[in-house]
């Protein structure tokens, strides 16, 4: 499989010794990850330094994560607009799927307004005031958050202050507002979701494969490992001996997830993060219509559990 990675950071420059980092650190990191895969299964990596010059080989369909506007002109597995819609936290709120109670803050700015710094600043302050006046506890979500980045759990005034300071809300909100363009305004790229905290249970990652006929094939159900210090997803824990039980427990929700994405024409591997409250109610807090970080854990059951006897 071809895997294209963006050169996201320029090489660092050592002023003292007059040296330029070569290769850049992100390329070194990618190489270390790839080295852990057997040679026959390693993807063929190519780096994109200039997005405007990227050209997929003839006959190749691409899938981008996150969605990228410049890829609109390239043949894709699904359009960038649909890709964005299915990944959007805002769209999930209005999907009809069971989600926690959520207030959505949509911007009142139009694309023409973002050139006016005063309007952007005023709108940023309006959004921040809504956040500051919201009832505790709640979760702040940017429309396209990944692995916990862009998601802030706020239980009290101190955590809200930390989110503003360490999370740089005052910087990120104006940047988000300036992303509005006439071409994307209908997708609501500038919004925030303020969602109730679900207490009383664990967060589980459901990994499924939606077939071309729309059937949901269960792959695995894992528990998230979240770093308490920064709230970032660090990995997952799977209990192989409980997978049949967990599939039965979440099957109704799995079928709902699959029906929703299949209604838009999506099929393939995907995941959903589910929280259960103290009364046993299940809520979908995130949908990931893509290959997820723990999608391989279910198919590895034969290797770890059946052959090596490792339950976890």
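Values in this text are rule-based calculations from the coordinates and carry no lab data. Since the model is a prediction, treat every value here as computed from it, not as a measurement. Using ideal geometry, Cβ is built from the backbone for each residue, glycine included, and neighbour counts are taken over all protein chains shown.
Normalised by residue number, the volume inside the convex hull of the Cα atoms of the range 114-223 is 140 Å³ per residue. Using r as the Cβ-Cβ distance of residue 264 and residue 234, and R0 as 35 Å, what FRET efficiency do you calculate, to the nearest 0.05? Computed FRET efficiency for residue 264 and residue 234 comes out at 0.70.
FRET efficiency for residue 118 and residue 42, Cβ-Cβ distance as r, R0 = 41 Å, nearest 0.05?
It comes out at approximately 0.20.
Segment residue 3..residue 34, full-extension length gain: 10.1 nm, with 0.36 nm per residue of separation and the alpha-carbon distance subtracted.
Calculate, in nm to one decimal, what residue 68 and residue 279 gain on full extension: separation in residues at 0.36 nm each, minus their alpha carbon distance. Length difference between fully extended and current span is 71.9 nm. Label reach from residue 106 (point 7 Å along Cα→C-beta): in the range 195-219, amide nitrogens under 18 Å belong to 195.
Between 258, 241, 190, the GNM of the chain built on Cα springs shorter than 10 angstrom shows 241 fluctuating the most. For the chain, the convex hull drawn through the C-alpha positions has a volume of 188 cubic angstrom per residue. Shape analysis of the range 199-307 based on the Cα gyration tensor places the equivalent ellipsoid semi-axes at 20, 18, 14 Å, largest first. In this label model, residue 97 and residue 55 are separated by 3.8 nm, measuring between points 7 Å along each Cα→Cβ vector.
Segment residue 179..residue 135, full-extension length gain: 13.0 nm, with 0.36 nm per residue of separation and the alpha-carbon distance subtracted.
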